[in-house]
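The values are calculated or read from the model by the stated rules, or taken from the named source; none is laboratory data. Model, not experiment: these values are computed from the prediction. Counting neighbours? That spans all protein chains shown, and the Cβs are built from the backbone with ideal geometry, glycine included.
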Amino acid sequence: MDRHTLLRIVIILVIYLALRYLGGETGALILYPINLLVTFLHEFGHALGALLTGGSVEELVVNQDGSGYLLSRGGSRGVILAGGYIGSAIFGNILFYIGARKARFAQITLYVLAALMAISGIIWFKTIFTTIFLLVFAAILFFIARYTRLDRDLLMFFGLASIIYIVQDFRVGPSSDLEQYAQLFGFIPVTVWMYIWLGIVLVLCFFNLRMVFRSN
C-alpha cells in the first residue's frame, strides 16, 4: 500500500472516531445517516440470506431510531438470521477493501450500493420513512459517484464505520437474531453464539486488513 492511501485511511478513521466520541450532538447528527446505512446493510444481509436459500422477501424496514427488521418467507432460517450480523460485516469489509485497494471499482461500487438501496426501498416497501431514506441516500450516492472524486474516501468511511459499529455493539445489535438463532439450535446458549458470531466478524476483519495493508 502506498503512503498516500495509508494517510487517507488514518484521516478517515480519526474523523469517524472524533465524530462518534468527541462530536457530541453535532457528531451524532452527522453519523445518523451512516448508522441507518449500517442498519440497512444488516437487514439486506437477512434479505440476501433469504434469497440465496430459496426464500422470498416481503418487507424491509429501517426505523428512525436506527432499528430495523426484515420479513421473509421460506429459505434457511439459520442462514437468514446469521446473514444480518455477519452479512453486514462482510459488506462493510468489502466496501473498505474496494475503497482502499481497488480505486477503479470505487465508482461502480457506489452505483451498485445506490441501486440496491433504491430497489430495496421500492420493491420491499413497508414504511414511508424507509423508502424516503433509501431513495434519498441512493440519490446522494449517485451524485457523489457521478460528479465528485470522493468515491474511494466514502467507501472507506462507510466500511470503517460499519465494521467498528458492528464490533462495538455486538452485545446489543444482533440480540433478537441471537435469541432466535439459539432457539433454532437449542443445545448452544445465546452467549456462546454471540461470541461465535463476534469471532467470525473479527476473523473477517483480520484477513481483510491483511489484504488491505499487504505490499503491492
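Of Leu13, Leu81, all but one fail to be touching a helix residue (DSSP H, G or I) at 6+ places or on another chain (Cβ under 8 Å) and over 26 Å from Asp177 (Cα atoms); the exception is Leu13. A search for C-beta distances below 8 Å between a residue of the stretch 179-195 that is of a type outside the set (A, V, I, L, M) and any residue that is exposed (fewer than 13 other Cβ atoms within 10 Å of the Cβ) and modelled with pLDDT under 85, counting only pairs 6+ apart in sequence or on different chains, returns Trp193/Phe185. The set of residues in the stretch 49-65 being among the hydrophobic types (A, V, I, L, M, F, W, C) and buried (at least 21 other Cβ atoms within 10 Å of the Cβ) consists of Ala50, Val57, Leu60, Val62.
Each residue in the stretch 125-137 was checked for being part of a helix (DSSP H, G or I), surrounded by 14 or more Cβ atoms within 10 Å (Cβ to Cβ) and not aromatic (Phe, Trp, Tyr), and 5 pass. Considering the conditions (1) among the aromatic types (Phe, Trp, Tyr); (2) out of contact with any helix residue (DSSP H, G or I) (no Cβ under 8 Å at 6 or more places or on another chain); (3) closer than 18 Å to Pro33 by Cα, Tyr147 is excluded by exactly one of them, (3). Taking the criterion of being in contact with a strand residue (DSSP E or B) (Cβ under 7 Å, 6 or more places away or on another chain) and either surrounded by 13 or more Cβ atoms within 10 Å (Cβ to Cβ) or under 23 Å from Ile98 (Cβ atoms) (or both), would at least one residue in the stretch 20-36 satisfy it? Yes, the conditions are met somewhere in the stretch 20-36. When Gly199, Gly186 are checked against the criterion of being under 19 Å from His42 (Cβ atoms) and of a type in the set (Gly, Ala, Ser), a single residue qualifies: Gly199. Just one residue in the set Phe206, Phe187 is among the aromatic types (Phe, Trp, Tyr), surrounded by fewer than 12 Cβ atoms within 10 Å (Cβ to Cβ) and either at pLDDT 85 or above or under 30 Å from Ile12 (Cα atoms) (or both); that residue is Phe206. Based on what the data block shows, is Phe142 at pLDDT below 95, surrounded by fewer than 21 Cβ atoms within 10 Å (Cβ to Cβ) and not charged (D, E, K, R)? Judged against the criteria, Phe142 is not a match. Being among the polar types (S, T, N, Q), part of a helix (DSSP H, G or I) and either surrounded by fewer than 17 Cβ atoms within 10 Å (Cβ to Cβ) or in contact with a His (Cβ under 8 Å, 6 or more places away or on another chain) (or both) holds for only one residue in Ser176, Ser215, and it is Ser176.
Remark: pairs (first residue in the stretch 200-211, under 13 Å from Ile163 (Cβ atoms); second residue not in a helix (DSSP H, G or I); Cβ separation under 8 Å; 6+ apart in sequence or on different chains) = Val201/Phe170. The requirement of being aliphatic (A, V, I, L, M), at pLDDT 95 or above and over 19 Å from Gln180 (Cα atoms) is satisfied by Leu37.
Note on the stretch 5-124: enclosed helices (runs of 4 or more DSSP H) holding 2 or more residues that are without any contact (Cβ under 8 Å) to a residue 60 or more places away in the chain and within 21 Å of Val167 (Cα to Cα) are 24-52, 77-101.
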